[in-house]
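Since the structure comes first, as structure tokens, the remarks are kept for the end.
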Amino acid sequence: MIGLPDIETARRRLRGVTLRTPVVLCPGGTGGGALYFKPESLQPTGAFKLRGAYNKISSLSEEERRRGVVAHSSGNHAQAVAYAARTLGTRAVIVMPRGAPRIKLDATANLGAEVVLVGPDSAERTSKAEELAAEQGYVPVPPYDDEVLIAGQGTIGAEIMEDLPGVETVLVPVSGGGLIGGISAAIKLSRPDVRVIGVEPELAADAKASLKSGKLVEYDTEQVSRTIADGLRVRKLGEAPFEHIRAFVDDIVTVTEEEILDAMRRLALRARLVAEPSGAVTFAAHLFHGEELPDSRITVAVISGGNVEPQLLAGVLSGSSSEETRRAATR
């Protein structure tokens, strides 16, 4: 597992590359204690993933960088790898699902990466990336199951602790587990009393089931593909993230599709923050599942990304249902 020295190394590598995102007080309050947002949507690629991707690629040897890198992703990791590779002068090949949001596909290609399209199953993306690595000699940059990536994501937790030393609870989206694994390690290794709570959609609640059972639980593709939170459509946690989650995460709660959309709408209209569905789950938990969360004087909700399709955002702001919004986004 990672330690605080690994996170400090990542912070040095990321200096001048990633943004030290602010903690923003939720306007108007939400009842109870104060709620702050950590908007990773403000990063150059629109999501937290740049921290881990740059930390990983910058740790490679010159020989490895000359070979190029390969990654698989539904979107945000794809953009992060493409951005980091371009910055560090190495080639990037990204395996993405054909159904990924157009805004993420276009952004990845515009950053200079070669995009290889496959079907919707995350296992298919993984298999294709492994095939390309074996055939072409590319160095794999996994989306979450890698301790160097986890340490990069952990820099978020270190910033929260410095900027809000009185924080009592931190809410973190859960997909493959790299984000919450890194944040929880950074927080618990410095302040064990701070509660770290994961949040995921009800339709992709494999992390909650895994934490409860003590072993990795896998959901099928058809199940997880139903959630509008495309960045959280992972069938199961990574091995390394799960080890960190078991050690450092206090609980995981789930939210509904309508709650996610309501949270997106309120973030945009009240806090002037644009969040993609995956990034809004933490605010949804705060709004609708307070009884499942610890009483807290100061809570931070990590907004993991803001790369949302314009049509989907328009549907959210108009108050459309999750099904209506999904249909509008795919027209």
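The values are calculated or read from the model by the stated rules, or taken from the named source; none is laboratory data. Model, not experiment: these values are computed from the prediction. All Cβ positions, glycine included, derive from the backbone under ideal geometry; neighbour counts span all protein chains shown.
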Inspect all residues belonging to the range 108-115 and state whether any of them is under 17 Å from the mean Cα position of the chain (by Cα) and assigned by TED's automatic domain parsing to the domain that holds Arg67.
-> yes
Applying the selection to the range 212-226, what residues are touching a helix residue (DSSP H, G or I) at 6+ places or on another chain (Cβ under 6 Å) and either crowded, with 24+ Cβ neighbours inside 10 Å or in a helix (DSSP H, G or I) (or both)?
-> Val224
Identify all residues within the range 84-108 that are at pLDDT 95 or above and hydrophobic (A, V, I, L, M, F, W, C); write none if there are none.
-> Ala84, Ala85, Leu88, Ala92, Val93, Ile94, Val95
Can you tell me which residues in the range 37-56 are more than 18 Å from Gly75 (Cβ to Cβ) and more than 13 Å from the chain's Cα centre (by Cα)?
-> Phe37, Asn55
Reported set for the range 42-66 where residues are surrounded by 24 or more Cβ atoms within 10 Å (Cβ to Cβ), of a type in the set (Ser, Thr, Tyr) and part of a helix (DSSP H, G or I) is Tyr54
Selection status of Glu222, in the same structural domain as Ile252 (by TED's automatic domain parsing), out of contact with any strand residue (DSSP E or B) (no Cβ under 9 Å at 6 or more places or on another chain) and at pLDDT below 95 = yes
Has the range 11-19 got at least one residue that is assigned to a loop (DSSP other than H, G, I, E, B) and either closer than 23 Å to His286 by Cβ or not assigned by TED's automatic domain parsing to the domain that holds Leu164 (or both)?
-> no
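Scan the range 36-76 residue by residue and report those that are among the hydroxyl-bearing types (Ser, Thr, Tyr) and modelled with pLDDT of 95 or more.
The first filter runs over the range 36-76 and keeps only residues among the hydroxyl-bearing types (Ser, Thr, Tyr), leaving 36, 41, 45, 54, 58-59, 61, 73-74.
Residues satisfying the conditions are Tyr36, Ser41, Thr45, Tyr54, Ser58, Ser59, Ser61.
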May I ask you to verify whether Pro120 is free of Cβ contacts under 8 Å to residues at least 12 places away in the same chain and more than 14 Å from the chain's Cα centre (by Cα)?
-> no
Please identify the pairs in which a residue from the range 157-175 that is over 30 Å from Ser225 (Cα atoms) has its Cβ atom under 9 Å from the Cβ atom of a residue that is among the polar types (S, T, N, Q) and part of a loop (DSSP other than H, G, I, E, B), counting only partners at least 6 apart or on another chain.
-> Ala158/Ser190; Glu159/Thr21; Met161/Ser190; Val167/Ser296; Glu168/Ser296
Considering only residues of the range 230-250 that are among the hydrophobic types (A, V, I, L, M, F, W, C) and at pLDDT 95 or above, which is nearest to Pro120 (Cα to Cα)?
-> Leu237
Which one of these does Tyr144 not meet: (1) more than 15 Å from the chain's Cα centre (by Cα); (2) farther than 22 Å from Ala284 by Cα?
-> (1)
